[in-house]
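One structure below.
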Amino acid sequence: MSATPVTLIGLGPMGQAMVRTLLKAGHPVTVWNRTAARAEGLVAEGATLAASPAEAVAASELVVLSLTDYQAMYDILGDSTDALAGRTLVNLSSDTPDRAREAAAWAASHGAAFLTGGVMVPAEMVGTEAAYVYYSGPSEVFEAHRPALARIGTPRPLGEDAGLAQLMYLAHLDVFLTSLSALMHATALLGSAGVSATEAVPELLPTLADIPAMLRAGGDVGAQIDAGEHPGHLSTATMMGATADHIAAASATAGIDLTLPRAVQAHYLRAIADGHGKENWTRIIDGIRRPRANG
């Protein structure tokens, strides 16, 4: 049985990695990119360059989009909507859950099925055993294309809501980007005392790696939060809040940016002010879920 033809629109590093992975697996791949020169290497490896977005869409039932955002989809396919009927669009671009839902409705209005996806590895890991991708949208549509999509990374379907894969993707990036900012802030804090980044970063990285074990030591933290249980057997909001105060004060003395430490400090101040100082630090989720009108 021959491999499913796939069209891939958008040839940044991620798009190129996906094309190469699909080609290696034997899929006929048609590509299109605003800057056609990006396709030259892929064509040499066996991809077919379409002359237009409409031609690219017409080439395959399965059309994968790897673009900057969802607006780029409209910009590229807006004049090619007649070609969309009967196609499945799989948008692996980053945007908001609401825009993903709007895109699903837009695709349906033109006779196309739609899946939202979030690739959870960098381009160089696409197609490896470590790669995984969240998807959401109609289950029958996903299952029809699971074999081809699995070439990119292990699929993790989340259900029918077109916005859910995008939300999961952003939740992961929420942790990732905040952690990177924290790493740079801590490096700057140490730098204020003459510690080089070369020295600081290796010292700080183990803390990031140790967080999962720290959380597991406290039991099933997620289940406790869902049950509304914050018993105080972990570090309490008061204890963690005191540390947050010290970090903010040290940052002020060092003359470095206070945006991040003050944001963290505010979470603990809120929990303590609401009478939860003796409970687990996880109580800060209440204030995150229900921010006060004036911040």
Please tell me if Gly118 is in contact with a helix residue (DSSP H, G or I) (Cβ under 6 Å, 6 or more places away or on another chain) and either buried (at least 19 other Cβ atoms within 10 Å of the Cβ) or in a loop (DSSP other than H, G, I, E, B) (or both). yes
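Condition (residue is more than 28 Å from Ser52 (Cα to Cα) and either assigned to a helix (DSSP H, G or I) or outside the structural domain of Leu23 (by TED's automatic domain parsing) (or both)) applied to the stretch 81-103: is it met by at least one residue?
Taking every residue of the stretch 81-103 in turn, at least one turns out to be more than 28 Å from Ser52 (Cα to Cα) and either assigned to a helix (DSSP H, G or I) or outside the structural domain of Leu23 (by TED's automatic domain parsing) (or both).
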Take the residues of the stretch 248-265 that are without any contact (Cβ under 8 Å) to a residue 24 or more places away in the chain and aliphatic (A, V, I, L, M): which is surrounded by the most Cβ atoms within 10 Å (Cβ to Cβ)? Val264
Just for the stretch 158-172: of the residues that are in contact (Cβ under 8 Å) with a residue 40 or more places away in the chain and assigned to a helix (DSSP H, G or I), which one is surrounded by the fewest Cβ atoms within 10 Å (Cβ to Cβ)? His172
Of everything in the stretch 283-295 that's surrounded by 10 or more Cβ atoms within 10 Å (Cβ to Cβ) and modelled with pLDDT of 95 or more, which residue is nearest to Gly218 (Cα to Cα)? Arg283
If you go through the stretch 19-36, how many residues are closer than 14 Å to Leu149 by Cβ, out of contact with any Leu (no Cβ under 6 Å at 6 or more places or on another chain) and hydrophobic (A, V, I, L, M, F, W, C)? 2
Do the conditions hold for Thr154, that is, is it of a type in the set (Ser, Thr, Tyr), closer than 28 Å to Val6 by Cα and either buried (at least 17 other Cβ atoms within 10 Å of the Cβ) or touching a Phe, Trp or Tyr at 6+ places or on another chain (Cβ under 7 Å) (or both)? yes
So His172, is it touching a strand residue (DSSP E or B) at 6+ places or on another chain (Cβ under 8 Å), outside the structural domain of Ser66 (by TED's automatic domain parsing) and over 14 Å from Trp281 (Cα atoms): yes
Do we have Ala72 as in a helix (DSSP H, G or I), aliphatic (A, V, I, L, M) and more than 14 Å from Leu167 (Cβ to Cβ) here? yes
Looking at Leu180, is it in contact with a Ser or Thr (Cβ under 8 Å, 6 or more places away or on another chain), assigned by TED's automatic domain parsing to the domain that holds Thr259 and either touching a residue at least 12 places away in the same chain (Cβ under 8 Å) or under 30 Å from Ala254 (Cα atoms) (or both)? no
Cβ contacts < 9 Å: first residue in a helix (DSSP H, G or I), restricted to the stretch 271-282; second residue at pLDDT 95 or above and among the acidic types (Asp, Glu), any location; separation 6+ or different chain. Result? Ala271/Glu279; Ala271/Asp286
With (1) over 22 Å from Thr88 (Cβ atoms); (2) in a helix (DSSP H, G or I); (3) basic (Lys, Arg) as the list, and Arg34 as the residue in question, which single condition is left unmet? (2)
Given Ala44, Ala58, Ala50, Ala72, which one is farther than 26 Å from Arg146 by Cβ and out of contact with any Asp or Glu (no Cβ under 7 Å at 6 or more places or on another chain)? Ala44
Hits in the stretch 39-60 (condition: surrounded by fewer than 17 Cβ atoms within 10 Å (Cβ to Cβ) and either of a type outside the set (A, V, I, L, M, F, W, C) or within 19 Å of Ala107 (Cβ to Cβ) (or both)): Glu40, Gly41, Glu45, Gly46, Ser52, Glu55
Examine the stretch 228-250 for a residue that is touching a Leu at 6+ places or on another chain (Cβ under 8 Å), in a loop (DSSP other than H, G, I, E, B) and either assigned by TED's automatic domain parsing to the domain that holds Ala171 or among the charged types (D, E, K, R) (or both), and state whether such a residue exists. no
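The values are calculated or read from the model by the stated rules, or taken from the named source; none is laboratory data. Just so it is clear, the model here is predicted, and its values are computed rather than measured. Heads up, the Cβs are rebuilt from the backbone with ideal geometry, glycines too, and the neighbour counts pull from every protein chain shown.
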